Structures are given as structure tokens and as C-alpha cells.
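Heads up: the structure comes next, in C-alpha cells.
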Amino acid sequence: MLASLQTCSLEELKKEPWRLQIQADNTAEQLRNLVLKNYHVFIQSNQCAAIVKDDLAALKEETTKIEAAIPELQGYCSNFQKEVADVVAKHGDIQFVFEHYLQLTELLEIPQLLEACIHNELFDSALDAIQFANETFQADENAEASRNVVIDCLLREDLQLALCVRVVGYLRRLDALIERNAAAAVGSLEYEKQLKEEFLSCRNVWLSTLSRGISTSEPYQYIIQVIDIKRTSWFDMITQYSAIFGSENVAGKVDPPLCRWATTTVANFIHILMKYAIKLLQLPKIDDFSSIATILEQSLFFGGSLGRVGVDFRAVLVVYFEDHVLNLMTEYWRSACLSASSGSSFSASSKTPIVIASYRSSANGGDYSPPRCLMSFPLLAEFTNALLSSLNELRLCSISSLQNRLGKKYQSAIGTMLLTIADFVEENGLDLHSPAGENNSDNSTTTPRNAS
């Protein structure tokens, strides 16, 4: 442009502004025509700009939400990465298990192997397996588990003395493999005490199972069978205990674990007697003296048998049987008195007059035969028969220590009957000691009130 102006003359330069103005006007006119011709392009451009502006605003909003969700997404990704790592690790473990399947199967069969060895009494093989497991796993759980197997499978079953000795010896060897504190180390007094208590507890579980299958519908048969079972099993168990742990006396005193066990088991046995034979709290009860005598005899024989091993409980048994026999005899005599009293009331209400025949005493006064006039009072015979029947029953189960108490009850029953007779005599105006000839004239006109 500057180069072209340098070549122009002065006149041309003077005309140049006019020419440029005309050119500018032409350009403006062309531009105006172009705008008018393409005005819809501007409208579309404005609309597109508005749409783009709205889209950009929505995009900004979505971008903001995405930015806010990115930390949570990162957390999910981190957790997913950890889960993937765990899955990979588990997959590696599974692959390891598959690669060592046979060896692991053999290790997992150790508990079954121990149980089989114990059931077959292969204690040495079981100890070898336990020692191998301890060396392999460096833990005592297997020894504890096998110890429980011994207790569950053997000590709670019917065992002979030789097998009991072997089992306890096996437990001692097994406990030596288990770490214990110094106070409870194998061979210490505390350990022996714990072993005794465990032995008695496990064997007591076996003893309790022996009487579970006996029917309780017949109390007498149930008690007889229980006594027979417990006599044999208790004696065998105490014999086993003495053979394994020595004498029942320790330092001149009764062995505390054995004493506690004996006290508990005797208390349980007495509870059975109180439940099915002695207590009158439930039916059926045993009130037959022959049955009670048999039970007492068997129970005393039971206590005497255990007395040979230091567990004689006969003195405790007699106390409970004394109370039961005393209650039964008191009930018999009370029933006899009530029957006599009710019978005398019936006789007193009769309209037939009573005549007591006279009798002669022997010359020497030594005739103790009952007077014939008593035949007019069969209630006395019934009362006497009831007393004699009760005494015959008592003969089957006589307990010498009951002499004083039974004597007092018997005197009380006789006194009650005498009071009943006295009331009867007073109500009917009778004279039991009238002279021999007073009532002779009346004998021909009157009959006994309760004569048949």
C-alpha cells in the first residue's frame, strides 16, 4: 500500500480519500446486502450458541458430579483391588491344597486314627500319633482332643480293672505331653487330685446310665433292681479306684475325692428311696411291710458290702426307714381307733337295750380269760384284730431303735380306745363291775343292743 502511494502524483493523492470513501461505501453496501441475504445464518448461529451454552452448563454440572464421585469410585476400586488380591491368595491356597492333597488328607485323618487306636486299645500307637502331631503342628490341641476321646469312649463305659489301669496310665503319659504349670505337673499332689476327681466323675456318668433303662412303673421292682445294680457297680468302681490310686486312706484320713463322691452317690441313692419307697408325697408308694422289709434288707446288705471298702451307710438308711415304719404303724392304729369310734357311735344310736351278762371270777382270782360279756361288743374284737394284724406286719420289719417311739404311739392308740369305751359306757349307763346276781332277772327279757 505504501509503495503504491509513493508512485502516485499529488492529484492522485488528493483524490485517494474520495476513492477510499467510495470503496468503503461500496463495501458497506455489499456487506449490508450480504447480511440481508444471509440473515437466517445469524439467527441459527445465535440459536446454536444458546444451545451450546446450555450444553456446556449441563456438561459442567455433570462434570462436577463426576468429580464428587471420583473419591468414592477410588474407594470402590481399592476394595475391589483388595478382594481381587484375596481371591488370588485363596486361589493360590487352593492350588497348594490340590498339590498336597494326599499329605493333607493323612494329617486330617489323625483324629480318626487316634479314636480308632483308642477303641482298639492300641494306646502306644495313639501316643506315637499324638507325639507326631505335636511335633508337626507345635500345639497341644491334638493331645487335649485325644484326651477327651479317652474320657468319652473308655472311662464312661463298662471296663474291667486291667483296662482301667491301662487307661489311667495312658492319661498320665498323655498329660505329660501337654504343657502344664508346676503345681499341676504329672506326679504332683494337685495333679493326682485332679485325676482322681476326673476318674470318679467319668465313672459316675457310666454308673448313672445303668439304671436309666429300668421301668419305674413298679416302684418295688425298680428299687430292688437299682439296689442290685448299684451294689455291684459301686463295689467294682471303688475296687478299681483303690487299685489305681492306692488305699482310700491318705495320711491317716479318708481320701477327699473318694469321700466326696461317696457322699454324693449315697445321697442320690437315698433320694431314690425317698422318691419311690419312703416318702408319701406321690403314688404309687410302697406301704406293704413285706416289701419294705425286703428293701431294707437289701439296702442294709448293700451298705454292709460297701463297708468292706470303707463306705458303710447303713446307719443313714435306718433313720429314713424308721420314720416310714413309724408313720405306717401310726396310720394303722389311727385307722383302727377311728373305726372303733364310728362303730361305737352306731351302737349308741341303736334302740335295742344293752345287757352285760354277769360273770363269776375264779376262786383263786387267777382266771385271765376274757369274760363272755365281751361277745356283745364285736367292735372290741375288730379293734384287737386290727392291732394284732399291725403287729404281725411290724414283725416283718422290726427295727429295735423304734421301740420307745412305737411304744408311745401304741399307748396313745390304746388310750384313745379306752376313752372311746369310757364315753360309750357313760352314754349308755353301763356298769362293767356290777354284782353277779343283779342282772340275772334282766337276761331273760333283754338282748344285746348290737347283737345280730
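Whether a residue is within 30 Å of S125 (Cα to Cα), surrounded by 10 or more Cβ atoms within 10 Å (Cβ to Cβ) and not hydroxyl-bearing (S, T, Y) was assessed, and E99 passes this test.
To keep it simple, each residue is scored yes or no on (1) in a helix (DSSP H, G or I); (2) touching a Phe, Trp or Tyr at 6+ places or on another chain (Cβ under 9 Å); (3) at pLDDT 80 or above; (4) buried (at least 17 other Cβ atoms within 10 Å of the Cβ).
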position: A267; (1), (2), (3), (4): yes, no, yes, no
position: H271; (1), (2), (3), (4): yes, no, yes, no
position: L280; (1), (2), (3), (4): no, no, no, no
position: S299; (1), (2), (3), (4): yes, yes, yes, yes
position: S335; (1), (2), (3), (4): yes, no, yes, no
position: S347; (1), (2), (3), (4): yes, yes, no, yes
position: Y359; (1), (2), (3), (4): no, no, no, no
position: Y368; (1), (2), (3), (4): no, no, no, no
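Take the conditions surrounded by fewer than 10 Cβ atoms within 10 Å (Cβ to Cβ) and at pLDDT 90 or above and apply them to E83. Does it pass? Judged against the criteria, E83 is not a match.
Within the stretch 419-428, the presence of at least one residue that is modelled with pLDDT under 80, more than 16 Å from A336 (Cβ to Cβ) and loosely packed, with under 14 Cβ neighbours inside 10 Å is confirmed. Against the numbered list (1) loosely packed, with under 10 Cβ neighbours inside 10 Å; (2) closer than 30 Å to F132 by Cβ, H40 comes up short only at (2).
If only residues of the stretch 301-317 that are part of a helix (DSSP H, G or I), in contact with a helix residue (DSSP H, G or I) (Cβ under 7 Å, 6 or more places away or on another chain) and in contact (Cβ under 8 Å) with a residue 60 or more places away in the chain are counted, the one that is surrounded by the fewest Cβ atoms within 10 Å (Cβ to Cβ) is S305. Considering only residues that are under 24 Å from E197 (Cβ atoms) and at pLDDT 85 or above, which ones fall in the stretch 210-230? Across the stretch 210-230, the qualifying residues are I229, K230. If we keep just the residues of the stretch 1-37 that are surrounded by 10 or more Cβ atoms within 10 Å (Cβ to Cβ) and β-branched (V, I, T), which is farthest from the chain's Cα centre (by Cα)? Selected residue: I22.
The values are calculated or read from the model by the stated rules, or taken from the named source; none is laboratory data. In this text the structure is predicted, and so the values were computed from the model without any measurement. Note that each Cβ is placed from the backbone with ideal geometry, even for glycine, and that neighbours are counted across all protein chains shown.
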